[in-house]
1. Do we find that Ala80 is aliphatic (A, V, I, L, M) and surrounded by 12 or more Cβ atoms within 10 Å (Cβ to Cβ) in this structure?
2. Quickly run through segment 228-237 and pick out the residues that are buried (at least 24 other Cβ atoms within 10 Å of the Cβ) and either more than 16 Å from the ligand (Cβ to nearest atom) or in contact (Cβ under 8 Å) with a residue 40 or more places away in the chain (or both).
3. Given the condition in contact with a helix residue (DSSP H, G or I) (Cβ under 7 Å, 6 or more places away or on another chain) and β-branched (Val, Ile, Thr), answer yes or no: does some residue in segment 106-121 qualify?
4. Is segment 137-149 home to any residue that is farther than 26 Å from Arg295 by Cβ, assigned by TED's automatic domain parsing to the domain that holds Asp236 and in contact (Cβ under 8 Å) with a residue 60 or more places away in the chain?
5. Of the residues that make up segment 325-346, is at least one part of a loop (DSSP other than H, G, I, E, B), away from the ligand (no atom under 16 Å from the Cβ), surrounded by fewer than 18 Cβ atoms within 10 Å (Cβ to Cβ) and not polar (S, T, N, Q)?
6. Only strands (runs of 3 or more DSSP E) wholly contained in segment 28-141 count here; list those with 1 or more residues that are more than 16 Å from the ligand (Cβ to nearest atom).
7. As an exercise: evaluate Thr225 against (1) within 16 Å of the ligand (Cβ to nearest atom); (2) closer than 18 Å to Gly131 by Cα and give the number of the one condition it does not meet.
8. Of everything in segment 239-280, what is under 21 Å from Ala135 (Cα atoms), among the charged types (D, E, K, R) and open to solvent by 10 Å² or more (accessible area, probe 1.4 Å)? Give them in sequence order.
Amino acid sequence: MNTFEQFESEVRGYCRSFPAVFSSAKGAWMTDEAGERYLDFFAGAGVLNYGHNPEKIKQALLGYLMRDGITHTLDMYSQAKQRFIERFNEVILQPRGLNYKFQFPGPTGTNAVEAALKLARKVTGREQVVGFTNAFHGMTLGALAVTGNSFKRAGAGVPLSHAASVPFDGYMGEDVDTLSYFEAMLHDSGSGMDKPAAVIVETVQAEGGVNVASVDWLRRLRQITADHGIVLIVDDIQVGCGRTGSFFSFEEAGIVPDIVTLSKALSGYGLPLALVLIKPELDLWAPGEHNGTFRGHCPAFVTATAALTFWEDERLQQAVARRGRMVQVHLEKMAAKHAPGAQVRGRGLIWGIEFSDATLASRVSKACFARKLVVETAGIDDQVLKVLPSLTINDAELQYGLDVIDASLSAVLSGADEQLAQEEALALAETA
Ligand SMILES: *Cc1c(COP(=O)(O)O)cnc(C)c1O
């Protein structure tokens, strides 16, 4: 029994799928304590969009630390925060014609979601909020109430109230327009649905199984929420910061949300940082009404500011589009050859493949790890293999990882890996 099994709570999760003890990492590669290298197709669930320890960002952080730049200020003003706000405006918001105020909540995604939901309730004076089937918004009570997964919901131990779930795009099959249902519920005073303060949506449901909302669906959702005076919150925590190609995932649809939540890749370095972007007219917070000790961590502001250089020109965006097509073409070919009936879905550099055999994705993920590739599953039954490399991975590394997925799928389908595992277990039992 190792240290973790002995002392760390049973709640630990990812380490069960990827049981290595990691010690260093660079770019698309992670190294464990024995010196084994693993190619990373998980990128910290979308935290490491620019790879592990990106040099440019690391240098900015080291410089700040070496000159004793201030680390902690609660939410007092700091030069690091000022630079971040100014650069984020110049590089991200102004070129896109966006005008938002910045709220720095506690440093995790769920903090940002809680703040967004609270503010929407305050602004509208309504209690109910609406989320979508298979949504994932975080583990605190407010965010959990708009999260679909029944296992995670049950973990709350109290009723999750003041929230309703409506079908996401495609939930009822390709031919059913799920927003017509939502709109009918809103219009009809006999529907039993209270008029919501907010609708919270992921443009691509990442944890929920890489479910992609169409551009038309997102535009209609914007129209419906605007018509009814409902605050539209786009949770861009996982698929923002360039994951879908553009900085914000909603740019392709040309919509402007009322509130946007960002976290995961925002700091660009894996340091915790979260941001709530608020339309100025909705910024009705009273001073200190929502707070937290770690609201904007100065070293994370420094790395987040350095990360913005990736967005000063089109190069990264174009690379993401090209690499995304590589992944799509590869997965579609693989599906056609080895797994007929499998569905390939995604945008930018988030892709999922859902096999008709729901157990296959987990088995392939395991077989990939045996071949030193870290790739996670998603969806309510872990039925989707989720390909989420860093945006800066080079084409050769990407191709190598995709080939490993192919080889792993073939091994699983032929039963080779399972047989090997059985033999190993037998050999272990004999020596014991
Ligand atoms: C990860 C995630 C969250 C929660 O972020 P934490 O930092 O884990 O609290 C919320 N929304 C989405 C879309 C996420 O992917």
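The values are calculated or read from the model by the stated rules, or taken from the named source; none is laboratory data. Given the structure is predicted, the values throughout are model-derived calculations rather than measurements. Every residue, glycine among them, receives a Cβ derived from its backbone with ideal geometry; neighbour counts consider all protein chains shown. We work out accessible area using only protein heavy atoms, side chains counted, and drop any ligands, DNA or RNA first. Shrake-Rupley method; radii C 1.70, N 1.55, O 1.52, S 1.80 Å.
1. Yes, satisfied.
2. Listed by number, the residues that qualify are Val231, Ile233, Asp235, Ile237.
3. yes
4. The first filter runs over segment 137-149 and keeps only residues farther than 26 Å from Arg295 by Cβ, leaving 148-149.
Next cut, assigned by TED's automatic domain parsing to the domain that holds Asp236 only: 148-149.
If we keep only those that are in contact (Cβ under 8 Å) with a residue 60 or more places away in the chain as well, we get 148-149.
Yes, there is a match, as at least one residue in segment 137-149 is farther than 26 Å from Arg295 by Cβ, assigned by TED's automatic domain parsing to the domain that holds Asp236 and in contact (Cβ under 8 Å) with a residue 60 or more places away in the chain.
5. yes
6. By residue number, 29-32, 37-40, 101-103.
7. Unmet for Thr225, out of (1) within 16 Å of the ligand (Cβ to nearest atom); (2) closer than 18 Å to Gly131 by Cα: (1).
8. Result: Glu251, Glu252, Asp258, Lys264.
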